[in-house]
Amino acid sequence: MERRSPDIESSGVDREMSVVELDEHCVLYMKENPTSTNTQLFCMLALLKAYVPESYLLMSDCQRILGPPDPIHGGPPFEQRMKPFTNFIRKSSPNPGHVHVCMINKESAQKAVEVMAARSDTVKKLMFSLCGAQAEPHVLQVIKDLLTKRETVDNRQEKFSGLVEDILKHERFYKALFVLKNASTKFRENAAFPQVVSRLYYIAKEPSDYVKAEEWAKKAIDRAQDISYIADTLGQVYKNRLLRLGEGPDEIMRMADEAFTAFKDVEKKADNEEPLQMDTEGTASIADTFNNRGLFGFLQVAKIAFEKLSDQQLRASLIQNRRKNVKAKFEFFEWYLTYSKPNETTLEPDYFWKDVALCYEHYTTEAAADSTSFPGLLDCLNQGLFRSRGKRAGFQEEEKSGFDLEEIQRELKNHYEENVDDVQVAERYILSNIILSNKMPDSPQLASVEELQTILSRFLATERRHRSPEFYLLVLLLWVFPEEQPLVLQDEDDEEVEQAPTDGQPGQLPLDLGSDSDLHQYVTFMEKAYERSSYAKYLRSRYLLPLFFLGEGSGLSKWIHKSRLDAIVEQRVNTELAGEKNPTDLEKTRRIENMWRNGDVWQLPEIRNILRPVTVHDNKVDVCAGGWKEKVSTEVEPKDPSLSTIYLGFNIKGPTLTSSSRWEN
């Protein structure tokens, strides 16, 4: 096949599809001329394309590696100097005066990497060829990506960057160590390189060298004293050392205390971090995500120490000293995992809830699955489902029966009657009724909507602008969308709907709250409460999970808990898999997730029959119900902008409209 010499303006797409791997002539040249400057430059470009596909070198970088004579001073052109590799290199000029150079495809780059003498030698030459007293930002970023960027495979983050993993596999531990120590020395202000050196010592070295790992973790912290992700490495060193300790109780307690202190430092630094705080030079990579590793690491250490201590007196002392912290961190993760999930491309690791729940049970003797906190109640209907966090953690978890939920509601009612002025107790009792109605809509124990409205009204009379998001969620569930009023969604340019009188009838806010008490206020109150609370800070960048959908029922039953949809989806997948031979849990998980991701769930008759659809004309929509008109947050991008059927849900921030392409399990 004829290969054309790459043109500076060529996209290279046609050649990228046709040129798959190096020919024998190029391979032979590399082996016979390993020290020639064109071979070395080609190996560097191959390394970049193989491990950081979007990276590049500037033409000025390439000319520096090739050495004199530069074409500007009468030397041969770049294409000639790069023979026989010219056909595998692409040039582009995205910005005037800047020519980017890279290999033409990943396949040929991977072949070149296999042929080159050693990956470690190539990356060292790249560093020392291009990084003088002050490396250019784009070069530093390339080196940092090569040596520190960890990929996520099958929902699991690799231990090291792809390049470091391959150096460890194909060369030796000390080759990887030498490369990273050199990078740490050359880039004296960057914390990422000593951080990886520390991780090499306690993860990759056999046996682990925890003394050296601690030393390098502290070096990294010295370079980035305010960055929680850097501080986390020291806690991980102590945690892993604790995990591998023998039975010596004194050493277990000492190492646990070191780890507790380190993870508390991580937690403190994470609390002070703001989104996009990290500098472009690369002390860490944070984006806009809250770092929960300090909180989780603390619980892991508490769990490990508890399980390692056989001395009952020391164990009792540990429980007494750490129980309060364990309970607080359990409560954090309970609402954190109930109200949100990671972004659309990742899943929470299965071990995450397992370690949290087991640690909580160790220190309180209470089962996490029996929690009747507000998020605990919201999660209890998920229990027993295939994709529940308990099942994913490997717990033997049964579905809550109607009798179980009646017992919970009865206990919370008694608790409320003994604490009528406690708003959180009232919230839990009210929610227990909504949860029970999803399982047993005809239960004689269910309180009436009017009774629950009366309870909430007592707290609305005071501090009504300063309650929790949970409180306003209940206000909206109990008062909006009365059954006798059809739900209509209008363009914001449509004629305003006249406000209905607040005559105290079901579905209306009570008279004594004042004329300005309408849906808009309480939606606004809920949004402000979310921003005011810690949720906005800790859940930033995470996907807020739907808690309830508007259904076709009446009273409390019109609010459909998402678990009911999950159960329908699970049953449909079970039916599909029934005819297949030995389907795995992984295949079942994949199919369930795909049904949510592809929007197939909204085509299931069982789901369409229980949810109340709303119709959107254009993306600018208002919800009109019960005499109120309220703009609702929408993620809708209808395929047909003139008409699209969607559903109304509530997350912990407020009401939201969504199309099928946006909801995931």
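The values are calculated or read from the model by the stated rules, or taken from the named source; none is laboratory data. These numbers were taken from a predicted model, which means no experiment stands behind them. Cβ sites come from the backbone with ideal geometry, for glycine too, and all protein chains shown count toward neighbours. Protein only, heavy atoms only, side chains kept; ligands, DNA and RNA dropped before computing areas. Shrake-Rupley method; radii C 1.70, N 1.55, O 1.52, S 1.80 Å.
Miscellaneous remarks
- A search for C-beta distances below 8 Å between a residue of the range 310-330 that is over 10 Å from TYR363 (Cβ atoms) and any residue that is open to solvent by 50 Å² or more (accessible area, probe 1.4 Å) and not in a helix (DSSP H, G or I), counting only pairs 6+ apart in sequence or on different chains, returns SER310/GLU247.
- Residue within the range 554-571 that is crowded, with 16+ Cβ neighbours inside 10 Å, assigned to a loop (DSSP other than H, G, I, E, B) and at pLDDT below 90 present: no
- Helices (runs of 4 or more DSSP H) contained entirely in the range 1-66, each with at least 1 residues that are closer than 22 Å to VAL142 by Cα and at pLDDT 90 or above: 37-51, 59-66
- Subset of the range 418-437 (residues that are of a type in the set (S, T, N, Q) and crowded, with 21+ Cβ neighbours inside 10 Å): SER432, ASN433, SER437
- Here the range 85-106 is the region considered, the condition is being in contact with a strand residue (DSSP E or B) (Cβ under 7 Å, 6 or more places away or on another chain) and either among the hydroxyl-bearing types (Ser, Thr, Tyr) or open to solvent by less than 10 Å² (accessible area, probe 1.4 Å) (or both), and the residue that is nearest to MET30 (Cα to Cα) is PHE88.
- Criterion: open to solvent by less than 80 Å² (accessible area, probe 1.4 Å), more than 23 Å from the chain's Cα centre (by Cα) and either of a type in the set (Lys, Arg) or at pLDDT below 85 (or both) - qualifying residue of GLY579, GLY551: GLY579
Per-residue answers, yes or no, for (1) within 26 Å of the chain's Cα centre (by Cα); (2) under 17 Å from MET127 (Cα atoms); (3) assigned to a loop (DSSP other than H, G, I, E, B); (4) not basic (Lys, Arg):
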| residue | (1), (2), (3), (4) |
| --- | --- |
| LYS159 | yes, no, yes, no |
| LEU163 | yes, yes, no, yes |
| ASP166 | no, no, no, yes |
| TYR174 | no, no, no, yes |
| ASN182 | no, yes, no, yes |
| THR185 | no, yes, no, yes |
| ARG188 | no, yes, yes, no |
| PHE193 | yes, yes, no, yes |
| TYR201 | no, no, no, yes |
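- Residues located in the range 362-417, provided they are of a type in the set (A, V, I, L, M, F, W, C), part of a helix (DSSP H, G or I) and open to solvent by 50 Å² or more (accessible area, probe 1.4 Å): PHE403
- Looking only at the range 152-162, and only at residues there that are open to solvent by less than 90 Å² (accessible area, probe 1.4 Å) and not aromatic (Phe, Trp, Tyr), the one that is farthest from LYS49 (Cα to Cα): ASN155
- Number of the condition not met by ASP232 [criteria: (1) of a type in the set (Asp, Glu); (2) open to solvent by 70 Å² or more (accessible area, probe 1.4 Å); (3) within 23 Å of LYS268 (Cβ to Cβ)]: (2)
- GLU189 touching a strand residue (DSSP E or B) at 6+ places or on another chain (Cβ under 9 Å) and among the acidic types (Asp, Glu): no
- Selected residue [part of a helix (DSSP H, G or I), open to solvent by less than 30 Å² (accessible area, probe 1.4 Å), among the hydroxyl-bearing types (Ser, Thr, Tyr) and at pLDDT 90 or above] from TYR522, TYR530: TYR530
- Residues that are among the hydrophobic types (A, V, I, L, M, F, W, C) and under 22 Å from the mean Cα position of the chain (by Cα) within the range 517-547 comprise ALA536, LEU539, LEU544, LEU545, LEU547, listed in sequence order.
- Filtering the range 597-611 to residues that are closer than 16 Å to LEU657 by Cα, modelled with pLDDT of 85 or more and either open to solvent by 60 Å² or more (accessible area, probe 1.4 Å) or in a loop (DSSP other than H, G, I, E, B) (or both) leaves only ARG608.
- Any hit, the range 146-163, residues being touching a Cys at 6+ places or on another chain (Cβ under 9 Å) and not hydroxyl-bearing (Ser, Thr, Tyr): no
- Considering the range 274-310, and only residues there that are farther than 21 Å from ARG540 by Cβ and at pLDDT below 80, the residue that is surrounded by the fewest Cβ atoms within 10 Å (Cβ to Cβ) turns out to be GLU281.
- PHE374 among the aromatic types (Phe, Trp, Tyr), within 30 Å of LYS219 (Cα to Cα) and either touching a Cys at 6+ places or on another chain (Cβ under 7 Å) or at pLDDT 95 or above (or both): no
- Residues considered: ASP257, ASP209, ASP250, ASP271. Of these, the only one that is open to solvent by 80 Å² or more (accessible area, probe 1.4 Å) and not hydroxyl-bearing (Ser, Thr, Tyr) is ASP250.
- Residue within the range 117-124 that is of a type in the set (D, E, K, R), touching an Asp or Glu at 6+ places or on another chain (Cβ under 7 Å) and free of Cβ contacts under 8 Å to residues at least 24 places away in the same chain present: no
- PHE386 passes every criterion in (1) at pLDDT below 95; (2) under 19 Å from the mean Cα position of the chain (by Cα) apart from (2).
- Candidates LYS149, LYS175, LYS125, LYS181, filtered to the one that is surrounded by fewer than 22 Cβ atoms within 10 Å (Cβ to Cβ), modelled with pLDDT under 95 and closer than 23 Å to ALA217 by Cβ: LYS149
- Within the range 163-172, tally of residues that are open to solvent by 60 Å² or more (accessible area, probe 1.4 Å) and either touching a helix residue (DSSP H, G or I) at 6+ places or on another chain (Cβ under 8 Å) or touching a residue at least 40 places away in the same chain (Cβ under 8 Å) (or both): 1
- Every pair of residues 6+ apart whose Cβ atoms lie under 7 Å, when the first sits in the range 358-386 and is without any contact (Cβ under 8 Å) to a residue 24 or more places away in the chain while the second is assigned to a loop (DSSP other than H, G, I, E, B) and surrounded by fewer than 19 Cβ atoms within 10 Å (Cβ to Cβ): GLU361/ALA367; GLN383/GLU397; GLN383/GLU399; GLY384/GLU397; GLY384/GLU398; GLY384/GLU399
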